[in-house]
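These notes are about the structure you will find just below.
Every number here is computed from the coordinates shown, using simple stated rules; none is lab data. Quick caveat, the model's predicted, so the values are computed rather than measured. Virtual Cβ from ideal backbone geometry, glycine too; neighbours counted across all protein chains shown.
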Amino acid sequence: MVVHDSDFMKLAKNDLKVWDGTLAQIQAIDIGSWFSSDFSDERVPLLKDVLKAAKGKAKVVIELKYYGHDQHLEQRVIDIVEEMDMVNDTAIMSLKYERIQKVRKLRPDWTIGLLSAQVLGNMNAIDTDFLAVNASMAKPAFIRTSQEAGKKVFVWTVNDKMSMFKLMSLGVDGIITDEPALARRVIA
């Protein structure tokens, strides 16, 4: 399943934990009405469905989340990405460096990244292709040092025009946003 949080409180005022629900129970949860009644039919998608919708249209960054209930999560995600023929259009990231290294070991040529909100230290010692950092970390020196170490810099979560413009001007490689249409306008 593709869901950001460990439960559905933000989306549906439902405290069901992802690992406690069956697929049928989770897919019965209305995750769209909070936004607008027009989206009351929205349900939690499967990773296969997201990759199918993105194929040929967009690249996908999959964040692996670990709440202590994962079983072979890296291999299961790898299998789905390969089955959907999306290897070249998918990157994998996580807050857990050791888990990203497991993906690196399983698929050495895949694009992987470390998600972080804290100082990372020696950039050359971090075996990733990119860093996804909180906007507060995206200072010119950090961006330059990371890129000189061969790591692209993506910044999260940037939802306003001025911040997007500032970060793009600083030379970040990508912006993670809830407002993709706004980001396209800023780029244009």
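When both bridge partners sit in the chain, DSSP labels roughly 5% of those beta bridges antiparallel. Using the Cβ-Cβ distance between residue 5 and residue 119 with R0 set to 22 Å, the FRET efficiency works out to roughly 0.30.
Extending 7 Å from the Cα toward the beta-carbon at both residue 27 and residue 169 defines two label points whose distance is 4.8 nm. In summary, no lysines lie within cross-link reach of residue 55, defined as a Cα separation below 17 angstrom excluding same-chain residues under 8 places away.
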